[in-house]
Amino acid sequence: MRAVSRIVRLKATMPKKKNNKRRFTVSELIWKSAVSVAVISGLFSLTVSVLLVANYLQVTAISPLDNPQLLALRQQLAAAPDADEKLVAQVRLMDLLARKAFFTSQAHLKMGGYLLLGGVIVLVMAIRTAMKYNPRLPNPEGPPAGESYWLSRTHAKEIVAFVGMVWVIVALLAAYLTPLDLPPPGDVPSAPAAESAISYPDWETMQKNWPSFRGPGGYGVAFYTTAPTEWDVESGKNIKWKTDIPLPGANSPVVWDKRIFLSGATAEKREVYCFDTETGQLQWSHALDKMPGTPDTPPDVGEETGFAASTLAVQGDRVMALFANGDLVCYDAAGTLKWGKNLGVPDNHYGHSSSLIAYQNLLFVQYDQRKNGKLFALDIADGKEAWVVNREKISWASPACVPTKFGMELVLNSEKNVDAYDPLKGTLVWQLKCLDGEVAPSPAYGGGMFFVANDNATSTAIKFNADEKTPKPEIAWQWDQSLPDVSSPVCADKFFFMATSRGEIICLNSADGSEGWVQEFDDGFYVSPILVGDLIYVVDKKGTAFVFKAGVPYTQMAKASLGDEVLATPAFLDGRIYVRTVKNLMCISN
């Protein structure tokens, strides 16, 4: 016991060993400097990130070339009756300034991403330095609120750090994903020539041909009142000729004088065809080469839509074709390529499905997509932009160009509205909200009224005021029973007719919308009905054609098979029908 006590006393008298380990490095000057750097770099990073996100939202919301002043000048130029070099120079200058501003901002975009990364790195280093040299120990003000005080503070810091990290990632993605493309400057309009480079046909000449989807004007009424009602493909009765089509396509035949035009395409190949109306022989065929902007990868298309869904437009000595990858080309009647460009692939589910239509020297292209949809008017002579307007809503219906008592109107359906434009100026003449859903059927016109319809929505008859100066549309009546989802309606003055994909044909009285009759068939209809004289022609998906009286009650005049599936609407000329089946092109003639 004495020995133990002595050891204890010795230990008590021995000097204690110093602990040189410092838990905190204290420096008031370094701490203040680090805090200042952290605040400055934090504000800098926040500012840069907000600018990157705002830039992304602005560029994706509206193109710099959609400047209202620039668009107004373009429309003024398109409406100018004579060449105006001063106006042309002004449009080009504004277009150039818009492009310069755009590309300057985009050149800074990449630098902004690097600056944001650098600012965040400096911020993190400054915070770590400030924590290391903090001269004051962390101490809660007053007694801690329970045992979870420090845990709550730790979780709060983790949440703030996580939110900050997510915001930085969003800003960097905005910088990376901001669109950097603009239409090529070659689309800047030049002054309209005193006379068009090519002569364009008048309306009377257009009516005597079949220049677009659903005939002259694109509203389903044939100029000629005679067409065959009897034929037999197997025996050859009334079949003038039948020929193969090299590549598949859903577009309908268009006809001018002695020529029939079609297009066909696969993922790898795109072709335009010209056939002789008398013999069915292929006069010329041209495969498209790549042009500036043509994508290397073909777009995804539906099986029934395919890569050549849009019906061509022919206007005198010019024929224009549009393909799923955005390639738009113009040939003359001899097959010489006059111009071509790539419009891009629209951001919608159906791609380029709307058909082309032309009037005077202008070609109209409905470029509908989820954002920044457009309606283009291109000069047929050179493909340059005459005017362009923004589209509020989307559809994959095709335009109609209709002679009304108020003048010629370019009428388009959308998922909400029916829009009518002045075809030469691009100004909106009238608009009526009456549609809904994914609209495919195009408008019908007759008896001074427009008629629109779409499945899972409501069909609407649109009437106008008696004043012939300014059209004021209003809903005459609506009908919401069986409705079409692909086939477009047609009007026979006193009656409107619709064919559905479920296999029904509906007749409505145009005066009040009352039901004239509903006839059921074995197969559905994709082909649009056409009025020829006092008869309606329509073909079901399996290729059976029905001919019936355009009146009440339902009176069937003829029924005949075309020998193959049919998705394209036939062309009707004097005593002839030109039909594109899935595999062939044929002429039915009396």
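Can you give the FRET efficiency for E204 and T279, using 1/(1 + (r/R0)^6), R0 = 22 Å, r = Cβ-Cβ distance, to the nearest 0.05? For R0 = 22 Å, the calculated efficiency reads 0.20.
The protection proxy used here, the mean number of other Cβ atoms lying within 10 Å of each residue, ranks peptides 259-271, 207-219 as follows, highest first: 207-219, 259-271.
How would segment 431-590 be classified by its alpha-carbon gyration tensor: rounded, prolate or oblate, with rounded meaning a/c under 1.5 and the a/b versus b/c comparison settling the rest? Judged from the Cα gyration tensor, segment 431-590 comes out prolate (a/c at least 1.5, a/b above b/c). Listed by chain and number, the aspartates and glutamates whose alpha-carbon sits under 15 Å from that of K541, ignoring those within fewer than 8 places in the same chain, are E303, E304, D485, E504, E520, D522, D523, D564, E565. Checking the Cα-Cα distances for K374/K559; K269/K549; K208/K240; K405/K583; K258/K549; K393/K559 against a 32 Å cut-off, the pairs over it are K374/K559; K269/K549; K405/K583; K393/K559. Close amide-amide hydrogen proximity is noted between V254 and F261, each under 5 Å apart and 5 or more residues distant or on a separate chain (H modeled in the peptide plane; Pro and chain starts excluded). Amide H of L567: which non-local residues (sequence gap of 5 or more, or other chain) have their own amide H closer than 5 Å, using H built in the peptide plane? Distant-sequence amide H within range of L567: V582.
Along segment 309-324 the Karplus relation, 6.51 cos²θ - 1.76 cosθ + 1.60 evaluated at θ = phi - 60°, assigns HN-Hα couplings of 8, 6, 5, 6, 10, 10, 9, x, 8, 10, 10, 10, 9, 10, 10, 4 Hz to successive residues, with x for each Gly and Pro.
If packing is taken as the average count of other Cβ atoms within 10 Å, what order do 220-230, 510-520 fall into, highest mean first? Could the numbers behind the result be given before it?
Working: 220-230: 18.7, 510-520: 14.1.
Output ranking for 220-230, 510-520: 220-230, 510-520.
Put in order of Cβ neighbour count within 10 Å, fewest first, the listed residues L585, L531 become L585, L531. Counted by neighbouring Cβ atoms within 10 Å, the residues I588, I357, I239 run from fewest to most as I239, I588, I357. Does segment 373-431 come out rounded, prolate or oblate by the C-alpha gyration tensor, with a ≥ b ≥ c the root eigenvalues, rounded set by a/c under 1.5 and, if not, prolate when a/b is larger than b/c and oblate if not? Because a/c hits 1.5 or more and a/b fails to exceed b/c, segment 373-431 counts as oblate.
Please compute one quarter of the surface area of the Cα convex hull for segment 200-589 and express it in square nanometres. Mind showing how you got there, number by number?
Working: hull surface 66.7 nm².
Taking a quarter of the hull surface, the average projection is 16.7 nm².
Close amide H contacts of F548 (hydrogens built in the peptide plane, cut-off under 5 Å, sequence separation of 5 or more or a different chain): I536, M557.
Can you sort W31, W387 so the residue with the fewest Cβ neighbours within 10 Å comes first?
Working: W31 19, W387 24.
So the ranking, lowest neighbour count to highest, is W31, W387.
As a rough guide to protection, the peptides 490-503, 332-345, 454-467 ranked by mean Cβ packing within 10 Å, highest first, stand as 490-503, 454-467, 332-345. Sort segment 195-328 into rounded, prolate or oblate with this rule: let a ≥ b ≥ c be the square roots of the eigenvalues of the Cα gyration tensor; rounded if a/c is under 1.5, and if a/c is not under 1.5, prolate when a/b is larger than b/c, oblate otherwise. Verdict is oblate for segment 195-328.
In order along segment 261-266, the Karplus-derived 3J(HN,Hα) couplings, from 6.51 cos²θ - 1.76 cosθ + 1.60 at θ = phi - 60°, round to 10, 9, 9, x, 7, 10 Hz, and Gly and Pro are given as x. Lys and Arg at +1, Asp and Glu at -1: add these up for the other residues within a Cβ distance under 14 Å of A397 and post the number. That sum, taken over residues with Cβ under 14 Å, equals -3. Residue by residue, segment 336-343 carries 3J(HN,Hα) couplings of 8, 5, 8, 6, x, 7, 10, 8 Hz when phi is fed to the Karplus relation 6.51 cos²θ - 1.76 cosθ + 1.60 (θ = phi - 60°); x denotes Gly or Pro.
No value in this document is a laboratory result; all are computed from the given coordinates. Here the structure is a predicted model, which is why all the values come from computation and not from measurement. Cβ: placed from backbone, ideal geometry, glycine included. Neighbour counts: every protein chain shown.
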